[in-house]
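The values are calculated or read from the model by the stated rules, or taken from the named source; none is laboratory data. What you see is a predicted model, and the numbers here were worked out from it, not measured in a lab. Note: ideal-geometry Cβ built from the backbone for every residue, glycine included; neighbour counts use all protein chains shown. Accessible surface is based on the protein model in full, side chains and every heavy atom, while ligands, DNA and RNA are left aside. Shrake-Rupley method; radii C 1.70, N 1.55, O 1.52, S 1.80 Å.
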Amino acid sequence: MSKITKSDEEELVIARKEIVFQKEEKEKRAAELVIADKEKEKRAEELGIANTEKGKRAAELGIANIELAFQDEEKGKRAEELTIANKELVFQNDEKEKRAAELLIANVELAFQNKEKEKRAEELRIANIELAYQNDEKEKRAEELTLANKELAFQNKVKEKRAAELVVANEELAFQNKEKEKRAAELFIANKELAFQNKEKEKRAVELNIANIELIFQTGEKEKRAAELVIADIELAYQNKEKEKQEIANREREQTISYAEGILGTMREPLLVLDKNLRVKSANDAFYRTFSITTKETEGTLVYELKNRRWDTPQLREALEKILPQKSAFNDLEVTFDFPDSGSKVMLLNGRRLIQSEKGEELMLLAMQDITEQRVLQQRNDSFMSMASHELKTPVTTIKTLIQILQVQYKKSKDATLVEYLTTIGQQIEQLTKLVVDLLDVSKIKADKFEVEEKTFDFDALAAEIVKSCQLLSPQHTITVQGVTNVQINGDRNSISRVFINLITNAIKYSPDADKIIITLSHAETGVCVGIKDFGIGIAAIHQDKIFERFFQVGNERGQSFAGLGIGLYISAAIVAQHRGRIWVESAEGEAARLGDKGPAGVGSTFFFELPIQKV
């Protein structure tokens with residue numbers, strides 16, 4: 001047997017101290033549980049007192065209900081009396097409506113007769129006005145007609161008030177109408193005389209109009225000649241100004257072109273300028289160097305025909321012919337070109353549509369970046385990750401199984417230290433297993449092989465289950481759930497559980513100084529929304545767009561870093577996307593730290609995700 005060295009003894013002392021410390025922690029937790037039991041007993045007593053009060057209130061409500069029933073009977077009797085009275089009122093109203101209808105018919109007949117009388121009176125008044133202007137000799141007859149009109153107006157007013165005297169008034173009107181017909185015949189003869197005089201006047205007016213037209217024509221010709229002279233002067237002045245502007249614009253354009261050509265010539269990334277027909281108008285030196293092509297082979301050539309049609313790819317056609325005309329720009333379009341001389345190239349393209357103001361010519365600017373080496377390195381990295389994950393999975397599973405066997409064998413052993421060590425090893429192996437599973441899922445996502453198994457389940461029950469499990473991870477934080485959804489979700493229950501657990505564990509990890517986490521549940525007609533809010537370090541605005549990228553991690557403003565590989569949110573985003581949902585974050589960096597250790601409401605970070613729902 002080998003001798004026990006000093007270092008071994010020191011390690012045993014440290015291990016025993018750790019065991020003593022862990023036992024003290026367990027005793028503290030047991031004491032806390034006893035205190036919690038006492039609190040529950042107090043609450044039970046308070047509930048008993050509250051139930052007694054509810055019994056008294058129930059008795060008072062019974063008495064009140066009896067009184068309400070008696071009042072309802074009285075109201076029923078009164079309602080029957082009101083029904084009889086209403087029937088009598090309806091009968092009386094019917095009688096009144098009949099009488100009102102008869103009166104209405106009489107009024108309509110009177111109104112019709114009055115309208116006829118008013119029409120005749122209006123015709124007489126017009127005739128009188130014409131006669132007054134055209135013939136002085138017939139003034140006496142016009143005065144008589146005016147008097148007759150006044151009499152008719154007076155009689156109409158009297159007849160409106162005295163409906164009973166309509167018969168007498170009608171007879172008087174009939175007599176007066178006969179007199180008016182005689183006078184109208186006389187007016188007709190006078191009108192013929194006036195018509196003859198008017199024709200003579202019209203002939204003279206026509207002659208005067210012809211003379212006026214000749215004068216106006218001559219005046220117009222003179223004005224046209226004067227206007228032509230003025231316009232000619234204005235055009236000369238305008239042309240002189242335009243020439244000056246054109247000279248200035250040409251000088252500025254030459255300077256701008258020289259400046260732009262200088263910038264393009266110094267750019268390291270290839271750049272193409274295309275016209276509206278997608279023919280190359282110009283290119284910079286970096287383009288010629290990158291693709292080993294000459295100016296003669298490039299300018300004026302259709303972009304798809306460059307390098308023996310190696311540029312004719314479906315992605316580039318869709319971007320230039322569909323996306324660019326609709327959106328005026330596109331960014332980060334990845335296109336792979338196969339060139340016989342230089343091999344395969346992966347290019348990242350950005351396009352923008354431009355219009356030259358002086359000519360109105362439409363141009364397209366196409367900038368590109370060679371990311372071939374980056375993609376090769378990324379593929380190697382992905383292959384290594386996938387291979388390493390698969391290679392680690394088998395030994396980790398074997399170790400986990402052996403540890404479980406040892407735990408079962410030594411469970412009844414008196415050596416508590418050994419059992420404690422085996423438990424710790426099992427926990428660490430569990431974390432390593434989770435890491436391997438996450439790395440395998442990242443590989444599946446990159447290979448587009450990540451799949452979910454959709455089934456219908458109760459969303460609120462899942463949320464309650466996850467919160468209960470996560471609460472055990474950090475007694476320091478109180479996890480509160482606000483709201484319910486009352487819906488069934490059609491999806492992969494295990495995958496959505498991973499999203500829940502990942503967001504809650506992140507909230508615990510990134511809010512070490514806070515004491516609470518708030519989870520809100522809500523739903524609309526189209527989907528269910530979950531919000532998980534912490535009061536921790538927050539996330540800067542510049543990092544919020546990258547937070548769901550692979551291997552991206554966030555530190556705080558003091559440079560503090562946190563454990564992890566940065567793949568949890570990446571996997572969560574992929575799971576939500578597989579369920580046709582969306583995930584996002586709202587945050588402000590450093591607010592909780594500035595406003596207090598525990599962090600008031602409204603600071604830290606809130607992660608949201610939405611999923612489509614299936615109604616029960």
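Examine segment 41-58 for a residue that is open to solvent by 90 Å² or more (accessible area, probe 1.4 Å), out of contact with any strand residue (DSSP E or B) (no Cβ under 8 Å at 6 or more places or on another chain), part of a helix (DSSP H, G or I) and within 24 Å of Q476 (Cβ to Cβ), and state whether such a residue exists. Checked against the condition, which is being open to solvent by 90 Å² or more (accessible area, probe 1.4 Å), out of contact with any strand residue (DSSP E or B) (no Cβ under 8 Å at 6 or more places or on another chain), part of a helix (DSSP H, G or I) and within 24 Å of Q476 (Cβ to Cβ), segment 41-58 yields at least one hit.
Exactly one residue among I547, I542 is modelled with pLDDT under 90, open to solvent by 40 Å² or more (accessible area, probe 1.4 Å) and of a type in the set (V, I, T), and that residue is I542. The numbered conditions (1) over 17 Å from L354 (Cβ atoms); (2) polar (S, T, N, Q); (3) open to solvent by 50 Å² or more (accessible area, probe 1.4 Å) are all true for N277 except (1). Screening I479 with (1) free of Cβ contacts under 8 Å to residues at least 40 places away in the same chain; (2) touching a Cys at 6+ places or on another chain (Cβ under 9 Å) gives one miss only, at (1).
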